[in-house]
Structure formats: structure tokens, C-alpha cells
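Colleague: Take a look at the following structure, please.
Please treat every number below as a calculation from the coordinates, not as lab data. None of these values were measured; they are calculated from a predicted model. Because the Cβ atoms are built from the backbone with ideal geometry, glycine has one as well, and the counts that use them run over all protein chains shown.
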Amino acid sequence: MTLRTARILVAAGAFVAGLVLCTAVILLVTGRDGVPTLPQVAAIGGPFSLTDQNGRTVTEQDLKGKPFLVFFGYTNCPDFCPTTMFEISEVLKKLGPAADRTRALFITVDPERDTPAALKDYVSSFDPRIIALTGEPEAIAAVAKAYRAYYRKVPLKDGGYTMDHLVLVYLMDKDGRFVSRFKLDRPIDASAAELRKYL
């Protein structure tokens, strides 16, 4: 074996080893077939039983057959919540009559202050098809956990408090399965077009 042949074999071996290592890392990170596995997606969402702004009980079964949006917030939120609620309202408005074939949920993370009456007053400023939900603290904690929605009560110096929470809108399909984060940082037409695909 000549020195040139040996160098070629060593280089070829190194290339193959690198290729195998790269493939192994990709499979380890993404899963065996290179795409996220279903359990990772299915882990968001689940059963709940909460009270809407009209005092009626709402469960996940009431939403079956229609895609829906879910947003966790609270009525005393000074900025993100009203902005997000306005944007969701604009998407529903853009859908026109087709919006009746979907749902949008506003789930409070501040059940201490957000009674059904408080929620009814709050959502009156937005699209009437938005359902606002509250419940016992334990019920809110359970549904937030199911959606992996972080929130935390933050005491203020004056004795009051505010709520720290995740600002994220979830898109769920007709079977209540998580589809993706619903983007509102784009033209309303684009957001409405995406939601329309699941009607």
C-alpha cells in the first residue's frame, strides 16, 4: 500500500465517521424519524371545567368539532392582554360569518379578582364570540398546567398585586389537539387565513 493510498483511506474513513456522528446527533435531537413525536405535541391541552362570563359551565367537550384559540391573561393586565384580545377580535372580524365555526377562549390567571361579572364587563369591549373563563384557583392551575402556561402572582409595594404570565395564543384543532402557536405579529389577513384552514 502506497503512502498516497493510505492517506486516501484515512480521509475516507474520517468522512464516513463524521457522517455517522452527524446523523446520530440529528436523530438524537429530533427523534428517530427526524420529526417531533406525537406525544410532544399531544402534551398541550386537555380536559377542563370552568365558568364563563355568563355563569355557565364550559368544558373541553363544548368545543369539540370547532378549532379554537386559547389565551391566558387577566382583566387588570395593562398592556399585553388588551392588545392580544383586540388582535384576536380583528382576526374573528376578518373571518366574517365563518368565525361562527370557531371559538376563542380567554382564560383568566387571576380568579381572585376575575369573577364572571368582571369577565363579562371586560370582554364586552371585544368580539362577542370570545368566551371568558374563570374558576377556582385549583381549576385554573390545572388547566394552565395542561397548556404549559406559566403564571405567577407578584405582590406590589402598595399591598396589591399583579400577575406575571405567558403571552401566547394556542391554536387547537377540531378535536382539541394542539396545532401550533397562533401568530398575531403579522398582517390580520395572514392570521385569519391560517385559522380558516382548520374550519
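Colleague: Rounded, prolate or oblate: which fits region 111-180 when a ≥ b ≥ c are the square roots of the eigenvalues of the alpha-carbon gyration tensor, with rounded for a/c under 1.5 and prolate only if a/b beats b/c?
Modeller: oblate
Colleague: How many nm is it between the label spots at V167 and A190, if each spot is 7 Å from the Cα in line with the beta carbon?
Modeller: Placing both labels 7 Å beyond Cα along the Cβ direction yields 1.8 nm.
Colleague: So, with +1 on the Cβ of K and R and -1 on the Cβ of D and E, and no other charges, what is the size of the charge dipole of region 85-174 about its Cα centre, to the nearest 20 debye? Mind dumping the intermediate values first?
Modeller: On the way: 13 positive and 13 negative charges, 57 e Å.
That gives a dipole near 280 debye.
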